[in-house]
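Since the structure comes first, as C-alpha cells, the remarks are kept for the end.
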Amino acid sequence: MPTRHIGDEATRQLGALSRRIAEIRERQTLSQQDVATRTRLAQQHVSRLEHGQNCQLLTFLKVCQALGVRVILEEANPLQF
C-alpha cells in the first residue's frame, strides 16, 4: 500500500474546494467577473482559485464572502494522513 503524504491530501482538498467554489458561483448565476467586481480582485484571481491553482488565503476568503459561503475549520485526527 503506497504511503500518503500530507502534500497529496492538501492538493486533493484544494481541488475539491476549487470545484465547490465554482459550483456555488454558477448556481448563483454569477460570472467570474461579477465575483471579481464584488471582491475588488482581478478576474484572473477568481479563475485561478476555481482551477485549483494555489492562491492567497485572503483571496479565498474574499471570494467565499462574496458568495455568502461560511468557512468552518475542523481539527482533523493527525492519524488520518
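The values are calculated or read from the model by the stated rules, or taken from the named source; none is laboratory data. Predicted model, so just to flag it, every value in this text is computed and none were measured. Methodologically, a virtual Cβ is constructed for each residue, glycine included, from the backbone with ideal geometry; neighbour enumeration extends over all protein chains shown. Calculation scope for accessible area: heavy atoms of the full protein, side chains included, ligands and nucleic acids excluded. Shrake-Rupley method; radii C 1.70, N 1.55, O 1.52, S 1.80 Å.
The table for this structure:
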quantity	calculated
Test result for THR59, of a type in the set (Ser, Thr, Tyr) and either outside any helix (DSSP H, G or I) or over 28 Å from ILE6 (Cβ atoms) (or both)	no
Hits in the stretch 48-74 (condition: modelled with pLDDT of 95 or more, out of contact with any His (no Cβ under 9 Å at 6 or more places or on another chain) and open to solvent by less than 30 Å² (accessible area, probe 1.4 Å))	LEU49, GLU50, CYS64, ALA66, LEU67
All positions within the stretch 28-47 that are open to solvent by 20 Å² or more (accessible area, probe 1.4 Å), farther than 11 Å from LEU67 by Cβ and of a type in the set (A, V, I, L, M)	LEU41, ALA42
Scan of the stretch 16-27 for residues that are within 17 Å of VAL71 (Cβ to Cβ) and of a type outside the set (Asp, Glu), ordered by number	ALA16, LEU17, SER18, ARG19, ARG20, ILE21, ALA22, ILE24, ARG25
